[in-house]
């Protein structure tokens, strides 16, 4: 498993860069490009362009939009490069492989970037970072945005569960879910903060995606994520702006679990990358074909207790970042659970994640007659 799953951001980046020669065996003019972060020049967003002479179809795979999730993302990039790229027709199918959209978060094992912004709440199409989009956030702020130092994991856990029990009855678990996950633009130290301006990684992605639609007739994009959904089955996550229904897509891709980003099947997101991509296509490139989705590898599971545990891991990690802990042992316990939420260490889980990724790649590429 170590061959697929890197241990550090630097290790992951080095492995990604080493793939250029393998891609050049089929796309001879393939090249790497890099964008060092303005305030952290030792960290960079890197991407590999492998252009097809006919520029009919472009496959985009991106990782680490949520920094810590980039480690599993790299494993899937490796699978694609080593097992699927060679089966593509390089005359009409190109590649854009992006490593580390949020390199700071990846290096420091956080979801957010150096400005505490969740990039998947930052792709606001019209640039209107409306602070009023999530009024329910204030109703559950006491549950999800604790403003105290962590004195004891056990005591903090008791306090958390007491708040959860109250929240289940008022305002209700559905309101908590929406308020926590939708995104917001007013509380920088709060959950899923989408920022008030476009972030560096967001701008890089926007420029690449515009270029992709400008140059290719058909674009097929996959963004890698971990954390949400059943532990034993990766989910293909679709934008609500795609006209296909999830069941229809599941049948088309011969893949068992496909969900749309909405309250009924997944959860609502404001400022989502895939939605931005569809809006960009619809407004400026209406004649181009687009399918944009995410691979979401569940970790703790989808039951109510598992979802509450996931919420606890995120609440405690955010609390630790802003307010600290009494000692390093408590801090380590918080970080360890957060790591397991987004980068599980269990070999069985990692093997299943790779198997699900292979199955999804196979079904999707066959559905579009690319292999």
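The values are calculated or read from the model by the stated rules, or taken from the named source; none is laboratory data. This is a predicted model, so every value here is computed, not measured. Here Cβ is always computed from backbone atoms with ideal geometry, including for glycine, and neighbour counts include all displayed protein chains.
Before moving on, here are some points about what is shown:
- Condition met for residue 70 (out of contact with any strand residue (DSSP E or B) (no Cβ under 7 Å at 6 or more places or on another chain) and either at positive phi or buried (at least 24 other Cβ atoms within 10 Å of the Cβ) (or both)): yes
- Enumeration of residues in the stretch 261-285 that are in contact with a helix residue (DSSP H, G or I) (Cβ under 9 Å, 6 or more places away or on another chain), closer than 17 Å to residue 128 by Cα and at pLDDT 95 or above: 272, 273, 276, 277, 280
- Residues in the stretch 193-211 that are in contact with a helix residue (DSSP H, G or I) (Cβ under 9 Å, 6 or more places away or on another chain) and either at negative phi or at pLDDT below 95 (or both): 193, 194, 198, 199, 201, 202, 205, 206, 209, 210.
- Counted residues, the stretch 8-24 - those being in a loop (DSSP other than H, G, I, E, B) and either touching a residue at least 40 places away in the same chain (Cβ under 8 Å) or within 18 Å of the chain's Cα centre (by Cα) (or both): 2
- Qualifying residue in the stretch 270-293 (condition: without any contact (Cβ under 8 Å) to a residue 24 or more places away in the chain, part of a helix (DSSP H, G or I) and buried (at least 18 other Cβ atoms within 10 Å of the Cβ)): no
- Subset of the stretch 5-18 [within 17 Å of residue 79 (Cβ to Cβ), surrounded by fewer than 20 Cβ atoms within 10 Å (Cβ to Cβ) and touching a helix residue (DSSP H, G or I) at 6+ places or on another chain (Cβ under 8 Å)]: 15
- Taken over the stretch 97-156, the criterion of being within 22 Å of the chain's Cα centre (by Cα), outside any helix (DSSP H, G or I) and under 20 Å from residue 340 (Cα atoms) is satisfied by 100, 102, 108, 109, 110, 111, 112, 113, 118.
- Answer residue from the stretch 116-142, given it is touching a strand residue (DSSP E or B) at 6+ places or on another chain (Cβ under 8 Å) and farther than 16 Å from residue 269 by Cβ and is surrounded by the fewest Cβ atoms within 10 Å (Cβ to Cβ) among those: 131
- Test for residue 370: is it over 30 Å from residue 124 (Cβ atoms) and surrounded by fewer than 16 Cβ atoms within 10 Å (Cβ to Cβ): no
- Residues within the stretch 294-308 that are in contact with a helix residue (DSSP H, G or I) (Cβ under 9 Å, 6 or more places away or on another chain) and at pLDDT below 95, tallied: 3
- Taking the stretch 216-232 as the range and being in a loop (DSSP other than H, G, I, E, B), surrounded by fewer than 21 Cβ atoms within 10 Å (Cβ to Cβ) and in contact with a strand residue (DSSP E or B) (Cβ under 7 Å, 6 or more places away or on another chain) as the test, the residues that pass are 217, 230, 231.
- Scanning the stretch 317-344 for residues that are outside any helix (DSSP H, G or I) and touching a helix residue (DSSP H, G or I) at 6+ places or on another chain (Cβ under 9 Å) yields 324, 325, 343, 344.
- Selection over the stretch 163-186 of residues that are outside any helix (DSSP H, G or I) and out of contact with any helix residue (DSSP H, G or I) (no Cβ under 7 Å at 6 or more places or on another chain) gives a count of 3.
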